[in-house]
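To keep things clear, I will list the structure first and then write my remarks on it.
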Amino acid sequence: MALLALAVPLLAVPLLAVPLLAVPLQAVAAPKAPNNADHGESLQVLHWWQSASERRAVDLLAERLGQQNVQWRDAMVPGGSGIGAGIVLRSRVLAKDAPEVAQLNGIVIRDWARLGLLADLDQVAARGDWDRQLLPGVAALIRPGPHVVAAPLGIHRINILFHNRALFARHGLAAPLTWPEFERAAEVLARAGVTPLAQSSEPWQVATLFETLVLAEGGAVYFRQLFQQREPAAFTDPRLGRALARLRGLKKWMGAPIRELTWAEEARKLADGSAGMLVMGDWAKGELNAMGLNSERDFGCGAVPGTAAFHLYNIDMLSMLAERPAQRAAQETLAAMVMQPALQRDYSRVKGSVPVLRAPDLGAMDACARASWTLFATSAAGQAPSMVHRMATDETARDALVAELHRFFLNERVSVADTQRRLGVIGRRPQDR
């Protein structure tokens, strides 16, 4: 019954995602294992961590797991937002060839758990006292029903405006705190021949920028009404129209043509000074660090204007597939390892995230990380679960919303009013139809 239910979302994958399927299947067919143990048990881990900093994070996890005599067999599926990995995972489950472990972020784990496809981690959580160790919002997320079904790795803040410190100093600019300040900085950078805002036309990156603009226009309460509760009135609210208009208005600062580059390539533009600013999750900080840069000397990482009081978040998580009971002990070893304070500290330092713990080592964090962790830990009201990164709504609605926003971004003839209406249709809840 579970496999039959799973087949429906697989067949419903939007057409824009289908071309990704061929290459990821090849990528999973012959996984490699970095820094693995030479003997003992093994776990195949399906994920989409591909950039330099992400690979460092994977290597760290594989090394630490190897120290516990469990081999990490790497099954990386290319694709920055995980669409390809989701297709491959569903295909493999249907073929009864599921990996032992999969990266499943956000409320997607709720749907998989309801189908009985995820192993429960209740005993691991009890032994590790996870309820007391975890921040409350994280603890609730990994227990979408009666069981704990995921091991959380780190929290990412998405509403970050990065800037190149050297460029800003050269032109006498301060980090923008308001949209008028952003526009003035962009004008100065453009006159100097610098692209003011690095931005890809890749669908998930466009939608990520857009959801930060929604947060700036409406705050966290409105954001949750729109993307989490999907209230009909939120889709007709003028704040949604203003966010769409700002998205279109920002295009003049992105250079031409706006190409479909990876987020890591956009981060490199900021690093080499060909772009002055970048709106991206703090995984970009991890990538900039991997390039040898640091936030005290080379780049700043403040909040997107209008969002300083809010935390637009995504949480990295690993879930254990229930299809492989013979690997149960190894799965529990990995889950327990993920929650070790030293692993949380070291993983977040490499990845750009912050620990999911209530009492992490704040002294090991840079100023950007401390600000992110403190805001998430102390302001539940300010938390905004990312729609794009699967924290707020189901996969089908998420994919359709991203596709519509991408259409609006690429086609100047599509109006704000028409797009707002179409988003309302896509976001309509079953009870409102």
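Just a few scattered comments:
- Other residues within the sphere of radius under 15 Å centred on the Cβ of P325, judged by their own Cβ, net out at -2 (K and R +1, D and E -1).
- Structure-based [θ]222 nm, the chain - -39500 (n - 2.57) summed over DSSP H runs of at least 4, per residue, nearest 500: -14000 deg cm²/dmol
- Gaussian network model of the chain, springs between alpha carbon atoms under 10 Å - residue of N105, N411, N164 with greatest fluctuation: N411
- Rounded to 5, percent antiparallel among DSSP beta bridges of the chain: 60 percent
- At q = 0.15 Å⁻¹, base-10 log of I(q)/I(0) for the stretch 158-272 (Debye sum, equal scatterers on each alpha carbon): -0.72
- Under 27 Å of direct C-alpha separation, and excluding same-chain neighbours fewer than eight residues apart, K285 reaches these lysines: K32, K251, K252, K269, K351.
- In the list (i) 47; (ii) 72; (iii) 57, the label attached to percent of Cα pairs over 28 Å apart as derived from the coordinates here is (i).
- Reduced Cα scattering model of the stretch 301-433, Debye log10 I(q)/I(0), q = 0.20, 0.21 Å⁻¹: -1.17, -1.21
- For the stretch 223-309, the Cα gyration tensor yields ellipsoid semi-axes of 30, 17, 12 Å (square root of five times each eigenvalue, largest first, whole Å).
- Label-point separation in nm, R242 to D432, each point 7 Å along Cα→Cβ: 2.0 nm
- Average accessible surface area per residue within the stretch 125-263, 1.4 Å rolling probe, Å²: 39 Å²
- FRET E, pair Q340, A166, Förster distance 41 Å, beta-carbon r, rounded to 0.05: 0.65
- Loop-located GluC sites (Glu not before Pro) in the stretch 327-426, at most 15 other Cβ atoms within 10 Å (DSSP): E412
- Pairs of alpha carbons in the stretch 103-171 whose separation is greater than 15 Å (percent): 60 percent
- Reciprocal of mean inverse Cα separation for the stretch 263-336 (Kirkwood radius, Å): 15.3 Å
- Value of Rg to Rh for the stretch 217-272, rounded to two decimals, is 1.13; Kirkwood radius and Rg both from alpha-carbon coordinates.
- When peptides 91-97, 289-295 are sorted by average Cβ neighbour count within 10 Å, with the highest value leading, the order is 289-295, 91-97.
- Burial order of peptide ranges 196-202, 181-187, 256-262 (average beta-carbon count within 10 Å, highest first): 196-202, 181-187, 256-262
- Computed extension length for L115-K252: 44.7 nm, one decimal, from 0.36 nm per residue of separation with the Cα-Cα distance subtracted.
- Of every Cα-Cα pair in the stretch 364-433, the percent that sits beyond 13 Å: 73 percent
- Chain lengthening between N294 and E323 when straightened (0.36 nm per residue, less Cα-Cα): 6.2 nm
- Zone residues, the stretch 211-244, relative to A381, backbone N less than 20 Å from point 7 Å out along Cα-to-Cβ: 215-229
- Gain upon complete extension [A95, D418; 0.36 nm per residue less C-alpha separation]: 112.2 nm
- For the stretch 195-273 and the stretch 307-327, distance of Cα centres in Å: 23 Å
- Springs join every pair of Cα atoms under 10 Å in this Gaussian network model of the chain, and among H147, H311, H171 the largest mean-square fluctuation is at H171.
- Counting Cα-Cα pairs of the stretch 66-197 in 5 Å increments starting at 0 gives whole-percent bin shares of 2, 8, 13, 13, 12, 10, 8, 8, 9, 9, 6, 1, 0.
- Packing-based ranking of 338-345, 414-421 yields 338-345, 414-421, ordered from highest to lowest mean Cβ neighbour count within 10 Å.
- Only the Cβ atoms of Lys and Arg (+1) and of Asp and Glu (-1) were treated as charged; on that basis the dipole of the chain about its Cα centre amounts to roughly 800 debye.
The values are calculated or read from the model by the stated rules, or taken from the named source; none is laboratory data. Treat the numbers as computed from the prediction; the structure is a model and nothing was measured. FYI the Cβ positions are ideal-geometry reconstructions off the backbone, even for glycines, and counts take in every protein chain you see. Remember, those area values only see protein heavy atoms, side chains included, never the ligands or the DNA or RNA. Shrake-Rupley method; radii C 1.70, N 1.55, O 1.52, S 1.80 Å.
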